[in-house]
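The values are calculated or read from the model by the stated rules, or taken from the named source; none is laboratory data. Owing to the predicted nature of the structure, the values given are computational and were not obtained by experimental measurement. With ideal geometry, Cβ positions are generated from the backbone for all residues, glycine too; neighbour counts draw on all protein chains shown.
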Amino acid sequence: MLEQDSAVDTIEWVKVESLTPESFNFNIVVSVHSIEVVAERMTDLGRIRIGEVIVGDTTGSVVLSARNEQIDMLVPGSTVVVRQGRIDMFDGYIRLRVDKFGTLKTYKEAAEDGESLPQTPETIHLALNISESKHQWVH
């Protein structure tokens, strides 16, 4: 019988400054700076809302593209935990996204679930918004 390793898997956390157009399946803790609902429309499936949310940590900031109920949990001044996040490109600009494979929780919810988390960011480095630089997509 094989002996099982009793060590808990270490979760790797990234910072905003390390995100690139190719980043995917990453975990990050960011604070919410501001939110703007940029689209709202009715479809056959109901009301769809899309928001652009400025989030960040001490290393930089990024635009998080949020949809529907995600928008409601992203309150300025709060901190959120993104698991299995991904970067999408929109007209050459980086957007952080949490799709069906990822999760977005408030820091409080994640801590109450017993998750091991890094400290919340003390500040957001707004001057370094990685979503403001246009990237050339090279195949």
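Looking at Ser61, Ser34, Ser65, can you tell me which residue is in contact with a Phe, Trp or Tyr (Cβ under 9 Å, 6 or more places away or on another chain) and either in contact (Cβ under 8 Å) with a residue 24 or more places away in the chain or crowded, with 16+ Cβ neighbours inside 10 Å (or both)?
Ser65 is the lone residue from the list that is in contact with a Phe, Trp or Tyr (Cβ under 9 Å, 6 or more places away or on another chain) and either in contact (Cβ under 8 Å) with a residue 24 or more places away in the chain or crowded, with 16+ Cβ neighbours inside 10 Å (or both).
Report, by residue number, each residue of the stretch 111-129 that is out of contact with any Phe, Trp or Tyr (no Cβ under 9 Å at 6 or more places or on another chain), surrounded by fewer than 18 Cβ atoms within 10 Å (Cβ to Cβ) and not charged (D, E, K, R).
Of all residues in the stretch 111-129, those out of contact with any Phe, Trp or Tyr (no Cβ under 9 Å at 6 or more places or on another chain) come to 111-116, 119, 121-129.
Cutting the leftovers down to surrounded by fewer than 18 Cβ atoms within 10 Å (Cβ to Cβ) gives us 111-116, 119, 122-123, 125-128.
Residues satisfying the conditions are Ala111, Gly114, Ser116, Gln119, Thr123, His125, Leu126, Ala127, Leu128.
Got a number for residues in the stretch 24-59 being among the polar types (S, T, N, Q), modelled with pLDDT under 95 and not in a strand (DSSP E or B)?
Here the count works out to 0.
Residue by residue, here is whether (1) in contact with a helix residue (DSSP H, G or I) (Cβ under 6 Å, 6 or more places away or on another chain); (2) at pLDDT 95 or above holds:
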| position | (1), (2) |
| --- | --- |
| Val75 | no, yes |
| Ser78 | no, yes |
| Val81 | yes, yes |
| Arg97 | no, yes |
| Lys105 | no, yes |
| Glu122 | no, no |
| Ile130 | no, yes |
| Val138 | no, no |
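Taking into account only those residues within the stretch 68-94 that are under 17 Å from Thr106 (Cβ atoms) and of a type in the set (Asp, Glu), which is surrounded by the fewest Cβ atoms within 10 Å (Cβ to Cβ)?
Residue satisfying both the conditions and the ranking: Glu69.
Could you count how many residues in the stretch 27-55 are at positive phi and under 9 Å from the mean Cα position of the chain (by Cα)?
Qualifying residue count for the region: 0.
What are the pairs with Cβ atoms under 7 angstrom where one residue, in the stretch 109-131, is more than 12 Å from Val30 (Cβ to Cβ) and touching a residue at least 40 places away in the same chain (Cβ under 8 Å) and the other, located anywhere, is part of a loop (DSSP other than H, G, I, E, B) and of a type in the set (S, T, N, Q)? Sequence gap at least six, or different chains.
Filtered contacts from the stretch 109-131: Glu122/Thr58.
Which residue, of Lys100, Lys108, is of a type in the set (Lys, Arg) and either under 26 Å from Phe90 (Cβ atoms) or surrounded by fewer than 11 Cβ atoms within 10 Å (Cβ to Cβ) (or both)?
Numbers: Lys108 fails: either under 26 Å from Phe90 (Cβ atoms) or surrounded by fewer than 11 Cβ atoms within 10 Å (Cβ to Cβ) (or both).
Step by step, each of Lys100, Lys108 is checked, and only Lys100 is of a type in the set (Lys, Arg) and either under 26 Å from Phe90 (Cβ atoms) or surrounded by fewer than 11 Cβ atoms within 10 Å (Cβ to Cβ) (or both).
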